[in-house]
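Enquirer: Please see the structure below; I have some questions.
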Amino acid sequence: MLGMASLVTAVLGRQLQAQQPQANPSLQTKPATAPGNVAVRLTVNGQVHDLTLDPRTTLLDALRDHLGLTGTKKGCDHGQCGACTVLVNGQRFNACLSLAAQRDGESVVTIEGLAESGRLHPLQQAFIKHDGFQCGYCTPGQICSAVGMLDELERGIPSAVSPHLAAAPEASVDEIRERMSGNICRCSAYPNIVAAILDSRAGRPG
Amino acid sequence: MRAFTYERPDSIAAAVQAASQPGAVFIAGGTNLLDLMKVDVERPRHLVDVSRLPLRNITETDDGGLRVGALASNTDVAADSRVRQRYPLLAQAVVNGASAQLRNQATTGGNLLQRTRCPYFYDVAMPCNKRKPGSGCSALQGYNRMHAILGASTDCIAVHPSDMAVAMTALHAEVELHTPSGADRRLPISELHRLPGEAPDHDTTLAPGELITAVILPPAPSGRQVYRKVRDRASYAFALVSVAAVLDVVDGTVRDARLALGGVAHKPWHPREAERELVGAPAQPDSFETAGQAVVKDAEAQRDNEFKIPLAQRLVVRTLSDLAGG
């Protein structure tokens, strides 16, 4: 049962029995009149939020502590582990290394926003099918990163292992491992993560 | 993180003005600055967010080069088809640095201005002349496997961490700056970073408030080019030693050679003597050996990084041989 809870938390990014979390009033920022605070408008998973934040607030802390979206994880908080990976305007970012104020007016997608009308994103489905995790802590970041990574592949962005810089890269095991190197899995579920990502592309060209 | 105020000016002039006040610092991608603010190494009182200024484009220059806007992300640079075709060593250097997430966030100007990853610079409990001038260098007596073998001083043996800047050095790029007086100026990238000397707290020659607006790549050099990086793991690690090389061979003779090394010095290392040795020499192993020896002629090792000297030499020889051969 614990394992199932961990799986659901990892893949869907929310606790069992919890619906889409609301902002926690006790964690709200100081009033807008406090000196130095900044007004920040974030569109998160399609929903617009107007926040008043201490400028020190990272995007990661805004998501977790101000919007209650705790699916995005804080691992190292220094851009080394990738647990906080989210999509900003469609591109994968480390939310810990971005100030929320810098993302004002921009669109963010987190693990909570990937499923559509109750249907898991193909990558979420593939991570379950291939058991692409153990403890699940890195999983939201892995999945968001993989969404961004596959888009980068499709746009032809090269990587360090692309054999020909001028040619379109292929979704090979080597390419996926290199392109996912910014997401650390301390349980070392890498083989299953790679299998899940490859499988999520089944039926697609290349 | 210490408290600061934040603003996002909507023009270059306003940004430079805002940054000229005491304690003000530019922020763009923020991937290095925020990291350093969290560990209390950087302590800005005011952040000037330049990330939305119109400096993101990569455009052709009149002479057939490229002007890379300072806010072009690392991914933008590596993905640009003109960069990939005309300056492949630059695209290679970029994709060999950091992680994909960081490359999406990090900018061209910020990459040049990133600080050393010397662990003693990062640890505010330890003396460090770069962080606190006059306090001493902990790396000299500490664990210094990652540190400099060229151009270091008794005050600092840190290395510059950028791959991109090494490639740009081999390409003889120029850095375009907007100054607080309102004027633009350019300087060769080899003059942007400085050696530590007695003032390792100064990484660059920039004056306070100066903003990097672009990097100008001259027309692509003739010949073949490559960026090769040796590191402790295959991905997402800083260089032990890296080399950016361009080799133009005509009828078996080297017509032009350009070299720059990363991971060896306080700045991207430009071994001019080795380049001179190569030009006019036969494109043969002996010439490349001579160049490799010239690169490390003045190298000095610390306790833990002696391996870097033969590594740098062999990497230069191997890279040049591959460019001449395959």
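Enquirer: Under the Karplus relation 6.51 cos²θ - 1.76 cosθ + 1.60, θ = phi - 60°, what is the ordered set of whole-Hz ³J(HN,Hα) values for segment B:183-188, x standing for Gly and Pro?
Expert: For segment B:183-188, the Karplus-derived couplings read 8, 9, 9, 10, 9, x Hz, x marking Gly and Pro.
Enquirer: If you count, for every residue in A:178-189, the Cβ atoms of partner chains within 10 Å of its Cβ, what is the mean?
Expert: Numbers: counts 7, 4, 4, 8, 9, 4, 2, 0, 0, 0, 0, 0.
Counting Cβ atoms of other protein chains within 10 Å of each residue's Cβ and averaging gives 3.
Enquirer: Select from segment B:141-213 those GluC sites (Glu not before Pro) which occupy a DSSP coil region and have at most 13 other Cβ atoms within 10 Å, ordered by residue number.
Expert: Of the GluC sites (Glu not before Pro), the ones in loops of segment B:141-213 whose Cβ has at most 13 other Cβ atoms within 10 Å are B:Glu198.
Enquirer: Each residue of segment B:238-248 in order: what ³J(HN,Hα) in whole Hz does its phi give by Karplus 6.51 cos²θ - 1.76 cosθ + 1.60, θ = phi - 60°, with x for Gly and Pro?
Expert: Working through the residues one at a time gives 6, 6, 6, 9, 9, 9, 10, 9, 10, 9, 10 Hz.
Enquirer: Now for a separate question. Compute the Rg/Rh shape ratio of chain B: radius of gyration over Kirkwood radius, all on alpha-carbon atoms.
Expert: Computed over Cα atoms, the ratio is 0.97.
Enquirer: Label B:Glu60 and B:Arg272 with points 7 Å out from Cα along Cα→Cβ: what is the distance between them in nm?
Expert: It works out to 3.4 nm between the two label points.
Enquirer: Name the chymotrypsin sites (Phe, Trp or Tyr not before Pro) in segment B:88-181 that are in a loop by DSSP and that have at most 16 other C-beta atoms within 10 Å, would you?
Expert: When the chymotrypsin sites (Phe, Trp or Tyr not before Pro) of segment B:88-181 are filtered for loop state and at most 16 Cβ neighbours within 10 Å, B:Tyr143 remain.
Enquirer: Now for a different question. Structure shown: which of A:Lys73/B:Lys38; B:Lys132/B:Lys308; B:Lys38/B:Lys132; B:Lys130/B:Lys267 lie over 21 Å apart, alpha-carbon to alpha-carbon?
Expert: Pairs exceeding the cut-off: B:Lys132/B:Lys308.
Enquirer: Would you mind working out the magnitude of the charge dipole of segment A:75-206 relative to its Cα centre, with +1 at each Lys and Arg C-beta and -1 at each Asp and Glu C-beta, to the nearest 20 Debye?
Expert: So the magnitude is around 160 debye.
Enquirer: Give me the net charge for the shell around B:Leu217: Cβ to Cβ below 10 angstrom, other residues only, Lys and Arg +1, Asp and Glu -1.
Expert: On the way: positive: B:Arg67, B:Arg82, B:Arg86; negative: B:Glu174.
Computed value for this residue: +2.
Enquirer: Let me ask something else about it. Give the residue from A:Asn94, A:Val11, A:His78 lying farthest towards the positive end of the charge dipole for the protein assembly as shown; charges sit on Cβ (+1 for Lys and Arg, -1 for Asp and Glu) and the dipole is referred to the Cα centre.
Expert: The one lying farthest along the dipole's positive direction is A:Val11.
Enquirer: Which helices, counted as full DSSP H runs in chain B, have an axial Cα extent of no less than 18 Å and a Kyte-Doolittle average of -0.5 or above?
Expert: Going by DSSP H runs, the hits are B:308-325.
Enquirer: With θ set to phi - 60° and the Karplus curve 6.51 cos²θ - 1.76 cosθ + 1.60, what are the ³J(HN,Hα) couplings of segment A:64-73 in order, to the nearest whole Hz, using x for Gly and Pro?
Expert: 6, 8, 9, 10, x, 8, 8, x, 6, 9
Enquirer: Exactly which trypsin sites (Lys or Arg not before Pro) in segment A:103-179 are in a DSSP loop and have at most 13 other Cβ atoms within 10 Å?
Expert: A:Arg155
Enquirer: Any idea what the dipole of segment A:41-105 comes to, in debye rounded to 20, about its Cα centre with Lys/Arg Cβ at +1 and Asp/Glu Cβ at -1?
Expert: Numbers: 7 positive and 6 negative charges, 40 e Å.
Dipole magnitude for segment A:41-105 comes out near 200 debye.
Values quoted throughout were computed directly from the atomic coordinates according to the rules given, and no laboratory measurement underlies them. If you're wondering where the values come from, they're calculated on a predicted model, not measured in any experiment. Neighbour counts are summed over all protein chains in view; Cβ atoms, including those assigned to glycine, are modelled from backbone coordinates with ideal geometry.
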